[in-house]
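*Asks:* Sharing a structure here in structure tokens format.
The values are calculated or read from the model by the stated rules, or taken from the named source; none is laboratory data. The shown structure was predicted, so the numbers you read here are calculated from the model rather than taken from an experiment. So basically every Cβ, Gly included, is an ideal-geometry build from the backbone, and we count neighbours across all protein chains shown. The accessibility values were calculated without ligands, DNA or RNA, using every heavy atom of the protein model including side chains. Shrake-Rupley method; radii C 1.70, N 1.55, O 1.52, S 1.80 Å.
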Amino acid sequence: HLAALVLARGGSKGIPLKNIKLLAGVPLIGWVLRAALDAGVFHSVWVSTDHDEIEKVAKQFGAQVHRRSPEVSQDSSTSLETIREFLSHHHEVDIVGNIQATSPCLHPSDLIKVADLIQKEGFDSVFSVVRRHQFRWSEVKKGENKMTEPQNLNPAKRYRRQDWPGELYENGSFYFAKRHLIEKGYLQGGKMAYYEMRAEHSVDIDIDIDWPIAEQRVLSFGYFGKEPLKEVKLLVCSFDGCLTNGRIYVTEDRKEMISYDYRDVVGIDLLKKRGIQVRLISERDCSKALSAMQLGCVAEVNATNKLQVLENWQKDIGLSWKEVAYLGNEESDVECLKKAGMSGVPADACTLAQKAAGYICKSSGGCGAVREFAEHIFLLIEKVNSARKQ
């Protein structure tokens, strides 16, 4: 019995509930669960967690859930301890494929080949590596009167990259091991083998802490499932705080004025030229401002329920949620951000909106965020077109 096991503790020192934070419209853990399930080589696919929301997401993706104990849910708990606890409750499992939740570019083809190594070729443990071309030097600690020394090169005869095969490094994407090894306290041992992953598939969110950069990597190299990818056909943008900076200037005669960035207008025009509808939504009556800007977009003002408006538009146009993108910045946008297939917020969005979004722009509202998010959508379209060609 070969079981896939993804360890997903609720606590995170860096990004709260990072394991289910949206990455390119998909919860982080969803990327590896989709790859594991589509590989078709596991008798069962599990998520070991201590958190209700993670359990909910895991089940939505079709995984079974093992509720880990508090003893193995601490900051100091090791993966080995957590896996051994899992095995103590699941005696049917003979081999564990421990897959890291933070490796969203994992593909089913990799897992299929690893399963063959351990099931058909008799290896006791198999782990993932990536090839790197990096020269290493010895460390000189502060205060030591020593010179650094080369570790894997001759400075007088430095290799060109194309002439040097490089070195293999663990990338942490997965560790497969048989039960008898794990029960002895090993994830690597016995008859061992490594599996070399392609460099572009070796993406670790623990290292790629800049979420937008990690998202772009995933859009370019991630596995999007057996279903064909779909292009974004509709972008709904919150007017105040996204297209504008949220400030309203009032003159002495009580007339309102707003400011916006012309780059965002260009972004909207580019989206429309690519056949993507752009619609605007606002909780207040900003009809005069919208008319003055002459954007040529359908707009809904005085929207007391943004999600209802979004759902109505999605149904009227006849789109799946994967074809809908949403850019918001306030608490009132949170449910829309969660529903849309692609979601984004400006850099100065409120905390709740940032947590719900899959993409956090580097630009603030009214300062190019719409144009930046448009570029992000174009990147996904390129991914879709590339997948169709393949």
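*Asks:* Placing +1 on the Cβ of each Lys and Arg and -1 on the Cβ of each Asp and Glu in region 234-388, which of Y359, C237, S287 has its Cα farthest towards the positive end of the resulting dipole?
*Replies:* Most positive-ward Cα: Y359.
*Asks:* Another question, then. Please give the per residue accessible area of region 234-388, computed with a probe of 1.4 Å over protein heavy atoms only, in Å².
*Replies:* Here the residues of region 234-388 average 48 Å² of exposed surface.
*Asks:* Could you pull the accessible area for W46 with a 1.4 Å probe, rounded to 10 Å²?
*Replies:* Counting only protein heavy atoms, W46 exposes about 20 Å² to solvent.
*Asks:* Which order do peptides 252-261, 194-203, 98-107 fall in by mean Cβ count within 10 Å, highest first?
*Replies:* Top to bottom by mean Cβ count within 10 Å: 98-107, 194-203, 252-261.
*Asks:* Please find, in a Gaussian network model of the chain (springs between Cα atoms separated by less than 10 Å), the residue of V114, V65, V250 whose mean-square fluctuation is greatest.
*Replies:* The residue with the greatest mean-square fluctuation here is V250.
*Asks:* How far is the Cα center of region 1-78 from the Cα center of region 291-332, in Å?
*Replies:* Computed from Cα coordinates, the inter-centre distance equals 32 Å.
*Asks:* While we're here: Taking the Cα centre of region 279-375 as origin, sum charge times position over the Cβ atoms of Lys and Arg (+1) and Asp and Glu (-1), and report the length of that vector in debye to the nearest 20.
*Replies:* Dipole of region 279-375, to the nearest 20 debye: 140 debye.
*Asks:* Evaluate E = 1/(1 + (r/R0)^6) for M257 and S220, where r is the Cβ-Cβ distance and R0 equals 45 Å; express this FRET efficiency to the nearest 0.05.
*Replies:* 0.65
*Asks:* What lysines sit close enough to K226 to cross-link, taking a C-alpha to C-alpha distance under 16 Å and skipping anything fewer than 8 places away on the same chain?
*Replies:* Once the sequence-local lysines are set aside, what remains near K226 is K322, K383, K389.
*Asks:* For the chain, what Kirkwood radius comes out of the mean inverse Cα-Cα distance, in Å?
*Replies:* Result for the chain stands at 23.4 Å.
*Asks:* Sticking with this structure for a sec: Using a probe radius of 1.4 Å on heavy atoms only, what accessible surface per residue do you get for region 1-119? Whole Å² is fine.
*Replies:* With all protein chains present, region 1-119 gives 38 Å² per residue.
*Asks:* On the protein heavy atoms, probe 1.4 angstrom, tell me the percent of accessible surface of the chain carried by carbon and sulfur.
*Replies:* Result for the chain: 48 percent of the exposed heavy-atom area is carbon or sulfur.
*Asks:* About its Cα centre, how strong a charge dipole does the chain have in debye, to the nearest 20, once Lys and Arg get +1 and Asp and Glu get -1 at the Cβ?
*Replies:* 980 debye
*Asks:* Would you mind getting the Kirkwood hydrodynamic radius of region 234-388 from its Cα pairs, rounded to one decimal in Å?
*Replies:* 15.5 Å
*Asks:* Could you give me D for region 2-210, from Stokes-Einstein at 37 °C and 0.692 mPa s, where the hydrodynamic radius is the Kirkwood radius over C-alpha pairs? Units µm² s⁻¹, please.
*Replies:* In µm²/s, the coefficient rounds to 177.
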